[in-house]
Structures are given as structure tokens and as C-alpha cells.
1. Calculate the spin-label point distance for residue 102 paired with residue 118, positioning each point 7 Å from the Cα along the beta-carbon direction, and give it in nanometres.
2. The stretch 52-94: D in µm²/s via Stokes-Einstein (Kirkwood Rh, Cα pairs, 10 °C, 1.306 mPa s)?
3. What dipole magnitude, in Debye to the nearest 20, does the stretch 60-154 give about its Cα centre under +1 on Lys/Arg Cβ and -1 on Asp/Glu Cβ?
4. Exactly which trypsin sites (Lys or Arg not before Pro) in the stretch 117-154 are in a DSSP loop and have at most 14 other Cβ atoms within 10 Å?
5. Quick check: pseudo-label points 7 Å beyond the Cα along Cα→Cβ at residue 109 and residue 63, how many nm apart are they?
6. With each pseudo-label sitting 7 Å past Cα toward Cβ, what's the residue 46-residue 76 distance in nm, one decimal?
7. How much of the accessible area of the stretch 35-144, probe 1.4 Å, is carbon plus sulfur, in whole percent?
8. Computed on alpha carbon atoms, what radius of gyration and Dmax characterise the stretch 45-130, expressed in Å?
Amino acid sequence: MCRITLRDSDFYTTFAIGNDNRICNNMKKNLILAVCAVMLAGCQESLEERTAQQAKKFTAERCPMQIGMQVLDSMVFDVPTRTLKRYFRLTGDADHDGLDFDLLRSSLIDELKNEPTYRVYREHGYSFSYEYRSEKNPDVVLFEALLTKDDYGN
């Protein structure tokens with residue numbers, strides 16, 4: 001009699017399969033492959049979940065981050081809309097509403113198209129949201145942009 005015992009924490013399951021060793025060995029292999037496949041599938045995170053965790057970790061470890069006359073306050077990934085959102089503050093001479101926001105939008109699109117960091121996200125059709133607030137008056141949103149695959153192409 002061939003017996004296969006699977007151990008899951010304190011729970012044991014034993015299968016009695018029969019007397020034929022050839023069948024027993026094939027059943028063992030198939031059962032082991034099935035269990036491994038289920039375990040591996042259970043360990044895999046979706047790209048969306050991984051992106052959300054990475055954005056949260058980045059924000060916790062690196063934000064606020066000074067980048068020239070802007071400060072990246074946080075980054076969040078919205079799973080349902082598949083949108084990577086970044087929140088900035090404009091500082092110093094950049095902290096006014098007279099900036100060329102068409103040029104800013106264009107440079108953000110160029111960054112998405114050319115930066116290898118975004119390749120995987122572009123390939124999966126993610127959207128990118130940018131919000132720029134005034135440092136002097138945080139209630140004032142100076143610029144917002146939502147860039148989709150129609151903006152950055154593939």
C-alpha cells in the first residue's frame with residue numbers, strides 16, 4: 001500500500017493509493033506537482049499589488065524628497081484605476097501659478113516615454129497622476145495632470 005502524507009502546520013493528511021508502485025509513484029509525482037503549483041500560485045502577487053506596496057514603501061522611506069524647486073510628498077498606487085499618483089509641492093520661485101504648465105505636462109510625458117523605470121507600467125497601460133500644490137498655500141493646487149496610454153503611447 002502506497003501512502004502519501006502531506007503536512008500543513010499541525011494538520012496531516014494521508015492518502016492510501018493502492019499496491020501498484022508504478023501507479024503510486026506517478027500519483028506521488030502528480031500530487032506533489034499539484035501542491036507545488038498551488039503553493040507557487042498563492043505566493044505570487046499581482047503587478048498592481050506589488051506596485052501599491054512599492055509606492056507605499058517609497059513614500060515611507062524617501063518622502064518628502066526635494067527635487068530642485070519641487071518636493072515629492074508622497075506616491076500612491078490606486079489599484080482599481082491602475083493609476084500611480086504623485087503629490088508634489090512647488091517651492092521657491094516655482095511656487096506661483098504663472099508657470100508654463102503646458103511645458104510641464106510635455107516634460108512629464110517625455111519622462112514617461114523615455115525613462116526605463118516606467119517601461120513595465122507603460123506596457124500594462126497604467127495611468128499616471130500628478131498634483132502640484134503651493135508650498136506657501138497648501139490648499140492651492142497649481143497644476144494637475146492625468147496621463148494615460150493615449151498620452152504616452154507604447
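The values are calculated or read from the model by the stated rules, or taken from the named source; none is laboratory data. Computed from a predicted structure; not experimentally measured. With ideal geometry, Cβ positions are generated from the backbone for all residues, glycine too; neighbour counts draw on all protein chains shown. In case anyone asks, the SASA skips ligands and DNA or RNA and just uses the protein heavy atoms, side chains included. Shrake-Rupley method; radii C 1.70, N 1.55, O 1.52, S 1.80 Å.
1. Output for this residue pair reads 2.0 nm.
2. Once the numbers are plugged in, D ends up at 146 µm²/s.
3. On the way: 12 positive and 18 negative charges, 81 e Å.
Taking the Cα centre of the stretch 60-154 as origin, the dipole is about 380 debye.
4. Listed in order of number, the matching sites are 136.
5. If labels sit at residue 109 and residue 63, their model points lie 2.6 nm apart.
6. 1.9 nm
7. Using a 1.4 Å probe with all protein chains present, the stretch 35-144 comes out at 52 percent carbon and sulfur.
8. Final numbers for Rg and Dmax: 13.8, 43 Å.
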